[in-house]
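S.K.: What follows is a structure written as structure tokens; I'll ask about it next.
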Amino acid sequence: MAHRRLQLAAVLALAAFAVAQARQISHLPDAPAMCPLEMRKNTRWGVATASYQVEGGWNLGGRTPSVWDTFSHAGFIKNNDTGDVACDMYHKYPQDFKLMRELGIKHYRFSFSWNRILPQGGKGTPVNPEGIAFYNSLINEMIANNIRPYATIFHWDLPQVLQDKYQGLIGEEFIADFVNYANVLFENFGDRIRDWMTFNEPWVTCVLQYGQGVFAPGIPMGDEGMYKCGHNLLRAHAKTYQLYHKVPQAKLDNVTFADAARGKVGIALNIEYLEPLTEAKEDVAAANYGLEKNLGWFADPLFFGDYPASLKSCAKDVLPSFTAEESKLLKGSLDFLGINFYTGKFAKGSATDKCSVETREQDVNGKDIGPLAESSWLRVVPWSFYKLLKYVQSRYDPKQIIITENGVSAPKEDSMSVQQAIRDDFRVNYYKGYLDYLCKAISEGVKVNTYFAWSFMDNFEWREGYSQRFGINHVDFDSPELTRTTKDSGKFLSKHFFRVGRGGGVGARRPGGRKPTKETPKAAKPAKQQ
Ligand code: GBH
């Protein structure tokens, strides 16, 4: 009898829990109107992070410092935060992949820490076996949870040794060292990873890390350094693409990395959409030049083999030029275009200076372009996503576009209790609006087939430390366990996108990553279990 009563109590408790759960999610909005179920089913929906922002384990397993360790230890981050522990994904990845699986997430974009793989950074220096072992476990755990890995090779965390040696991306030697590092990744992980992004946001690296020096390593190099950085980065990208697609690998029966894995190499470019402030032709020209100067700087060489004519003319004293051979190597050196998209602004031009672009967040009547997020640069402007995508499709006609990041920091979230923070209507509305316009663009032929929300969880937001939260899962940085709690935005995306979206295609590569040869006997059928 006591047993029965216990059972009954358990059933009642479960029912109450289920009702509470249902109540929690019942106020979630419907799927965006322009995203029919069929389209949501046919698209891949995932989440993104980056090594320095989530990993932690900064001095574990043979890892040396990156420029961000040095920069944060020197006290340049808000509240003196550092990425020493971050979300401690270094230890907690099994539970994180379990959570992803529970949310129906089948696609995960992450980045490698260069200094964990190659503690001395450069070509000819030893590969760190502990670093390789860590990423092997991480990737295997991902795949065991049916999550497809998408890898960023460089997400701003340069090994400090390479900064010290030749000023990092400013030095010509960067190119060979980057290609060597990429080669190590392809050799070790290329059998399981089919989607590679060489660089995350070259604009940020070259403008904020090197040009202005407001991001690590924090040494301002001016416009000349900024364009030198871009030039080295683009050539390193093209050589990496070449390595992946054109160089037969002895260890892979003389096929290329690309053929062995049926893999792809792209890049993740950030861009804020610019809408002309008025119909005046200088405003229209300024919006156009702004897009060429910020996106075309990288996208034009990759698609067309050269910088935009407008940039060549406006930056003629500081912009290097490509040799015919480099230009040929660059042209078409991407299998997909990754776009990190967050916001849009108005652009105002000058009747006398075609190189001037002033950006504004209010229209001519003083009305805000959209509500302000916690980040000062980020306003909610859903329609700007649609306009940017249409612009990209018409200017570049990419075979495939991946939205490599999209997300928002909710106002004041950091000062809220966990219970308050997970009721993130602001973020739910952001995703609902942006995804609506993404779907509209897809329905009009824009070739986006994969989308990543930024971010899987709250993390180290660069100079802002942990004060700006972009997660669809909350991280309690005050709790010793760094507890993760799913926000309403996570539930919203899970319900309408992650769960219904296309699967990962995990394990679709050839066995052992090798192309079958004529000599390879067909594998014998396993004997049937009686
Ligand atoms: C992404 O950058 C990053 O890839 C990611 O690591 C980051 O966590 C996420 O966004 C959220 O920020 O006021 O002139 O300094 C987004 C694009 C471009 C946004 C540069 C901030 C700074 C403008 N970033 N921008 S400025």
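S.K.: Can you say whether Phe76 is touching a Gly at 6+ places or on another chain (Cβ under 7 Å) and among the hydrophobic types (A, V, I, L, M, F, W, C), as far as the supplied structure shows?
M.R.: yes
S.K.: Let me ask something else about it. Could you say whether any residue in the range 208-222 is out of contact with any His (no Cβ under 6 Å at 6 or more places or on another chain), part of a helix (DSSP H, G or I), of a type in the set (Val, Ile, Thr) and within 11 Å of the ligand (Cβ to nearest atom)?
M.R.: Checking the range 208-222: not a single residue is out of contact with any His (no Cβ under 6 Å at 6 or more places or on another chain), part of a helix (DSSP H, G or I), of a type in the set (Val, Ile, Thr) and within 11 Å of the ligand (Cβ to nearest atom).
S.K.: Going by the conditions given, is Glu292 of a type outside the set (Gly, Ala, Ser), over 18 Å from the mean Cα position of the chain (by Cα), closer than 26 Å to Lys328 by Cβ and modelled with pLDDT of 95 or more?
M.R.: In short, yes.
S.K.: Now, a different point. So how many residues does the range 465-501 have that are more than 16 Å from the ligand (Cβ to nearest atom) and aliphatic (A, V, I, L, M)?
M.R.: Count: 3.
S.K.: Restricting to the range 293-348, and then to whatever is outside any helix (DSSP H, G or I) and of a type in the set (Lys, Arg), can you tell me which residue is surrounded by the fewest Cβ atoms within 10 Å (Cβ to Cβ)?
M.R.: For the range 293-348, the residue satisfying everything is Lys316.
Conditions (1) outside any helix (DSSP H, G or I); (2) surrounded by fewer than 24 Cβ atoms within 10 Å (Cβ to Cβ); (3) more than 13 Å from the ligand (Cβ to nearest atom), marked per residue:
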residue	(1), (2), (3)
Phe426	no, yes, yes
Tyr430	no, no, no
Leu435	no, no, yes
Cys439	no, yes, yes
Ile442	no, yes, yes
Tyr451	yes, no, yes
Phe456	yes, no, no
Arg463	no, yes, no
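S.K.: Of all the residues that make up the range 196-206, how many are within 8 Å of the ligand (Cβ to nearest atom) and not in a strand (DSSP E or B)?
M.R.: 3
Results for (1) of a type in the set (Ser, Thr, Tyr); (2) in a helix (DSSP H, G or I); (3) within 16 Å of the ligand (Cβ to nearest atom), shown as yes or no for each residue.
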{"residue": "Arg40", "(1), (2), (3)": "no, yes, no"}
{"residue": "Gly46", "(1), (2), (3)": "no, no, yes"}
{"residue": "Tyr52", "(1), (2), (3)": "yes, yes, yes"}
{"residue": "Asn59", "(1), (2), (3)": "no, no, no"}
{"residue": "Thr70", "(1), (2), (3)": "yes, yes, no"}
{"residue": "Tyr90", "(1), (2), (3)": "yes, yes, no"}
{"residue": "Pro94", "(1), (2), (3)": "no, yes, no"}
{"residue": "Leu99", "(1), (2), (3)": "no, yes, no"}
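S.K.: Under 9 Å between Cβ atoms, at least 6 apart or on separate chains: pull out the pairs that start in the range 384-404 with a residue that is β-branched (Val, Ile, Thr) and end on any residue that is assigned to a helix (DSSP H, G or I).
M.R.: Filtered contacts from the range 384-404: Val392/Leu295; Val392/Ala299; Ile401/Leu389; Ile401/Val392; Ile401/Gln393; Ile403/Phe385; Ile403/Leu389; Ile403/Leu438.
S.K.: Just to be sure I understand the filter: pairs with C-beta atoms under 9 Å, separated by 6 or more residues or on different chains, first member in the range 27-46 and surrounded by 18 or more Cβ atoms within 10 Å (Cβ to Cβ), second member part of a loop (DSSP other than H, G, I, E, B) and of a type in the set (A, V, I, L, M). Which pairs pass?
M.R.: Ala31/Val500; Arg40/Ala31; Arg40/Val500; Trp45/Ile105; Trp45/Val500; Gly46/Ile105; Gly46/Ile147
S.K.: Only residues that are in a loop (DSSP other than H, G, I, E, B) and hydroxyl-bearing (Ser, Thr, Tyr): list them for the range 402-424, please.
M.R.: Ser409, Ser417
Listed here are the residues, each with its yes/no results for (1) under 20 Å from Asp306 (Cα atoms); (2) surrounded by 23 or more Cβ atoms within 10 Å (Cβ to Cβ); (3) β-branched (Val, Ile, Thr).
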residue: Tyr181; (1), (2), (3): no, yes, no
residue: Val184; (1), (2), (3): no, no, yes
residue: Glu187; (1), (2), (3): no, no, no
residue: Met197; (1), (2), (3): no, yes, no
residue: Tyr210; (1), (2), (3): no, yes, no
residue: Phe215; (1), (2), (3): no, no, no
residue: Ile219; (1), (2), (3): no, no, yes
residue: Cys229; (1), (2), (3): yes, yes, no
residue: Asn232; (1), (2), (3): yes, no, no
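S.K.: Can I ask one more? Specify which of the listed residues (Leu269, Leu274) is assigned to a strand (DSSP E or B), under 21 Å from the mean Cα position of the chain (by Cα), more than 24 Å from Ile132 (Cβ to Cβ) and within 16 Å of the ligand (Cβ to nearest atom).
M.R.: Unique residue meeting the criteria: Leu269.
S.K.: Output yes when any residue across the range 384-400 is within 15 Å of the ligand (Cβ to nearest atom), in a loop (DSSP other than H, G, I, E, B), out of contact with any Cys (no Cβ under 9 Å at 6 or more places or on another chain) and of a type outside the set (Asp, Glu), and no when none is.
M.R.: Checked against the condition, which is being within 15 Å of the ligand (Cβ to nearest atom), in a loop (DSSP other than H, G, I, E, B), out of contact with any Cys (no Cβ under 9 Å at 6 or more places or on another chain) and of a type outside the set (Asp, Glu), the range 384-400 yields no hits at all.
S.K.: Right, another one. Scan the range 351-383 for residues that are β-branched (Val, Ile, Thr), touching a strand residue (DSSP E or B) at 6+ places or on another chain (Cβ under 8 Å) and away from the ligand (no atom under 16 Å from the Cβ) and report the count.
M.R.: 0
The values are calculated or read from the model by the stated rules, or taken from the named source; none is laboratory data. Quantities reported herein were computed from a predicted structural model and do not represent experimental measurements. Don't worry about glycine lacking a Cβ; one is built from the backbone with ideal geometry, like all the others, and counts go over all protein chains shown.
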